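Engineer: To start, I am sharing the structure in question, which I have written as structure tokens.
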Amino acid sequence: MKKTFLLLSTVLALFTNCKNEKVPEQAQEPTKTYVEEPHSFAQPNKAVITHLNLDIEVDFNTERVSGTATYDIKNNNSNTIVLDTKYLEIQSVLADGQPTEFSLGEFNEQLGKPLTITIKEDTKTISVNYNTTNKTEALQWLSPQQTADKNHPFLFTQGQAILTRTWIPIQDSPQVRITYDATVKVPVELMAVMSAENPKEKTKDGVYHFKMKQAISPYLIALAVGDIEYKPVSNRTGVYAEKSMIEAAHYEFSDMENMVAAAENLYGTYDWDQFDVIVLPPSFPFGGMENPRLTFATPTVIAGDKSLTSLIAHELAHSWSGNLVTNATWNDFWLNEGFTVYFEIRIMEALYGKDRANMIALIGRQDLTEEIEALKDTPEATKLKLDLKGQNPDDGMNSIAYDKGYLFLRTLEETVGREKFDAFIKDYFNTHAFSTLTTEDFVEYLNTNLLQKNNITFNVEEWIYQPGVPDNQSKIVSDKFKKVEEAIDQFILRTAVYKPLTENWTTQEWVHFVRNLPEDITTNQLAMLDNAFDFSNASNSHIAMVWFEQAIKHNYHNNNVDKNIDSFLTRVGRRWYVETLFRAFKNANRVDEALVIYKKARPNYHSVTAGTIDKLLGYSPE
Ligand code: BES
Ligand code: ZN
């Protein structure tokens, strides 16, 4: 009975379609409703893109990307479709191969310009011929000098949060999911890779073809072009890096396959076939970026001893939380990052044990305390659910989403028990795979499928919609960190260093040690520690960063530390590091010194790092 009805309605639908009449509502596939989006001009409820075919050329001489973006679209009875653009030049637009009218709207500092294209009821594809300009924010063009090998230029993109529109005209909302194909032409000495199926070797003609068969949000479209090579770790994981980095990268990330296996063991199969990491030049503005199939990573994660690889676990975890189940708007950013930190720490626990996991969690807990303190004048910024309307999402995203999001989920886990919690998370990923959720969607899902089901009351609303941290927060303890704190007390009490106390310390213990030195530590005491441990010349980027922070704060100048701070800030563009250090200068009333370094360092920074530091130091270029 049911089958006959279905068949009948399909035939009917086909028939009415042929006659080009409106298909009856019930015969259409269910249309998704998109929620209001503060950071996109697109109106996907009216007409939405479903597939991108990108055909571009990368020109290092003019520092421009140019070509054509062709979209399959689904029109819901609209006579226009709207794409986001920013700092793009639009040459021409076609609808089903024919020239059509288009207009660019007024420029908005954060959002760019809407590109409104006239379409017909039955338009199937639109095609935009365009080029980027020298203002394009997503792209960073690097000179050979800024790379590891120093022979060839390099280019990479950064899409999150709303930068994809600065290199591709697109409906730049995380709610819009598309598959894509791309043809990219680059100079023959270079290889191109994307967040897609990737080449493992250079081609002779510099032309590369890509395919991303799973539907992803536009902020996850990514491209890197450089003199890179590939080395596999397993049959589905591996690394891309410049020649001089490839062995070190391969060693550092040799646990990648184990990480994927551990992740799958926790929350279900890895859906993206391949998990590779590309090590970018040091100006890359993030620790890592979870571009599907190909995580982009900073070289500062390569410590030589695998001690900072929780970053890889983090980006891998985004393959579930973020790339598979995606925040609907940037106000729901904590759904991406909070779950990812939780998942990251679970992967680390599975691979290296509870001690390591708890140390990572406690470092995050201290970050949270510091972030809440830093935001004390704007407590609403410490809510999980944000309100970023009218703001650049990049300015509003802070570590609350990560560390408070984590603490919320850890507290939930401890309340309901790990077994139930894990089953819930696995279902959550399965149920919402390849779709987007708002915070409210999540709360409803949580209430129904975890809390009511198990008869548990929990202050979900307080955690999500109120500032600060609720009283029922999980208390994270680490015996290892207690020992570190005792060692600090000993050193200070005795004004002497007894090295055996630090025997076999891991990077996390050193970071905890340096960060928790007493507020009133003297420069003599700092010198004593530096003498013993040579922190000023630390090769581990995280240890160096927290030590430099102390040196700046306490006006400590021995052991080449000033020179090393200067060269660190000039070489590394990782925003979290750079921002921490420039903020330390600012808090120590040393902005003038900071500006001397910043003016020199700024040309090496990607636009997102430069934007943040401009604001922090009150610097305006030109
Ligand atoms: N998705 C983020 C990076 C990001 C966030 C880019 C917001 C643009 C806007 C990525 O997964 C991330 O969180 N990276 C962290 C590393 C992580 C270990 C906390 C970073 O870059 O430090
Ligand atoms: Zn993340």
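The values are calculated or read from the model by the stated rules, or taken from the named source; none is laboratory data. Worth saying up front: this structure is predicted, and the values here are computed from it rather than measured. Using ideal geometry, Cβ is built from the backbone for each residue, glycine included, and neighbour counts are taken over all protein chains shown. For accessibility, only protein heavy atoms count, side chains too; no ligands or nucleic acids. Shrake-Rupley method; radii C 1.70, N 1.55, O 1.52, S 1.80 Å.
Engineer: On the basis of being assigned to a loop (DSSP other than H, G, I, E, B) and either away from ligand 1 (no atom under 16 Å from the Cβ) or more than 25 Å from ARG365 (Cα to Cα) (or both), does VAL443 make the cut? Before the answer, list the steps.
Structural biologist: Numbers: assigned to a loop (DSSP other than H, G, I, E, B): no; either away from ligand 1 (no atom under 16 Å from the Cβ) or more than 25 Å from ARG365 (Cα to Cα) (or both): yes.
No: the conditions fail for VAL443.
Engineer: Among the residues of the range 580-595, is any modelled with pLDDT of 95 or more and over 25 Å from ASP520 (Cα atoms)? Walk me through how you get there before you give the answer.
Structural biologist: Restricting attention to the range 580-595, the residues satisfying the condition of being modelled with pLDDT of 95 or more are 580-595.
Okay, now just the ones that are also over 25 Å from ASP520 (Cα atoms), so 595.
Taking every residue of the range 580-595 in turn, at least one turns out to be modelled with pLDDT of 95 or more and over 25 Å from ASP520 (Cα atoms).
Engineer: Moving on. Which residue is surrounded by the most Cβ atoms within 10 Å (Cβ to Cβ), if the candidates are limited to the range 320-333 and must be away from ligand 2 (no atom under 11 Å from the Cβ) and either in a helix (DSSP H, G or I) or of a type in the set (Gly, Ala, Ser) (or both)?
Structural biologist: The extreme case among them is TRP330.
Engineer: Residues to consider are SER620, SER541; find the one that is surrounded by fewer than 17 Cβ atoms within 10 Å (Cβ to Cβ) and of a type in the set (S, T, N, Q).
Structural biologist: Working: SER541 fails: surrounded by fewer than 17 Cβ atoms within 10 Å (Cβ to Cβ).
Answer to the selection: SER620.
Engineer: Of all residues being assigned to a helix (DSSP H, G or I) and among the hydrophobic types (A, V, I, L, M, F, W, C) in the range 396-419, which is nearest to ASN327 (Cα to Cα)? Just the residue, please.
Structural biologist: Looking at the filtered set, the residue picked out is ALA401.
Engineer: Oh, and also: Scan the range 377-395 residue by residue and report those that are part of a loop (DSSP other than H, G, I, E, B), open to solvent by less than 50 Å² (accessible area, probe 1.4 Å) and polar (S, T, N, Q).
Structural biologist: The initial filter retains those residues of the range 377-395 that are part of a loop (DSSP other than H, G, I, E, B), namely 377-378, 383-392.
Okay, now just the ones that are also open to solvent by less than 50 Å² (accessible area, probe 1.4 Å), so 384-386, 388, 392.
If the condition is that a residue be part of a loop (DSSP other than H, G, I, E, B), open to solvent by less than 50 Å² (accessible area, probe 1.4 Å) and polar (S, T, N, Q), then ASN392 is the only one that fits.
Engineer: Count, please, the residues in the range 363-403 that happen to be within 11 Å of ligand 1 (Cβ to nearest atom) and over 23 Å from GLU344 (Cβ atoms). Don't jump to the end; show me each part of the working.
Structural biologist: Of all residues in the range 363-403, those within 11 Å of ligand 1 (Cβ to nearest atom) come to 363-364, 367, 392-399, 401-403.
Next, only the ones that are over 23 Å from GLU344 (Cβ atoms) stay: 392, 395.
The number of residues fulfilling the criteria is 2.
Engineer: Still on this structure, I have one more. Just for the range 294-311: of the residues that are within 16 Å of ligand 2 (Cβ to nearest atom) and part of a loop (DSSP other than H, G, I, E, B), which one is most open to solvent (accessible area, probe 1.4 Å)?
Structural biologist: LEU308
Engineer: Mind checking whether some residue in the range 488-506 is touching a helix residue (DSSP H, G or I) at 6+ places or on another chain (Cβ under 8 Å), within 30 Å of HIS554 (Cβ to Cβ) and open to solvent by 90 Å² or more (accessible area, probe 1.4 Å)? Reasoning before the result, please.
Structural biologist: We begin by selecting, within the range 488-506, every residue touching a helix residue (DSSP H, G or I) at 6+ places or on another chain (Cβ under 8 Å); these are 488, 490-492, 495-499, 501-502, 505-506.
Of the ones still in play, those that are also within 30 Å of HIS554 (Cβ to Cβ) are 488, 490-492, 495-499, 501-502, 505-506.
So of that shortlist, the ones also open to solvent by 90 Å² or more (accessible area, probe 1.4 Å) come out as 498-499.
Yes, the range 488-506 contains at least one residue that is touching a helix residue (DSSP H, G or I) at 6+ places or on another chain (Cβ under 8 Å), within 30 Å of HIS554 (Cβ to Cβ) and open to solvent by 90 Å² or more (accessible area, probe 1.4 Å).
Engineer: A follow-up question, please. Consider ALA357 against the criteria (1) assigned to a helix (DSSP H, G or I); (2) open to solvent by less than 10 Å² (accessible area, probe 1.4 Å); (3) within 13 Å of ligand 1 (Cβ to nearest atom): it satisfies all of them except one. Which criterion is unmet?
Structural biologist: (3)
Engineer: Give SER103, SER195, SER127, SER143 a once-over and let me know the one that is modelled with pLDDT of 95 or more, within 16 Å of ligand 2 (Cβ to nearest atom) and not acidic (Asp, Glu).
Structural biologist: Numbers: SER103 fails: within 16 Å of ligand 2 (Cβ to nearest atom); SER127 fails: within 16 Å of ligand 2 (Cβ to nearest atom); SER143 fails: within 16 Å of ligand 2 (Cβ to nearest atom).
None of the others qualify; the one that does is SER195.
Residue by residue, here is whether (1) surrounded by 22 or more Cβ atoms within 10 Å (Cβ to Cβ); (2) assigned to a strand (DSSP E or B); (3) free of Cβ contacts under 8 Å to residues at least 24 places away in the same chain; (4) of a type in the set (Val, Ile, Thr) holds:
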| position | (1), (2), (3), (4) |
| --- | --- |
| ASP122 | no, no, no, no |
| ASN129 | no, yes, no, no |
| GLN145 | no, no, yes, no |
| ASN151 | no, no, no, no |
| PHE156 | yes, yes, no, no |
| ASP181 | no, yes, no, no |
| PRO187 | no, no, no, no |
| ALA196 | yes, no, no, no |
| GLU201 | no, no, no, no |
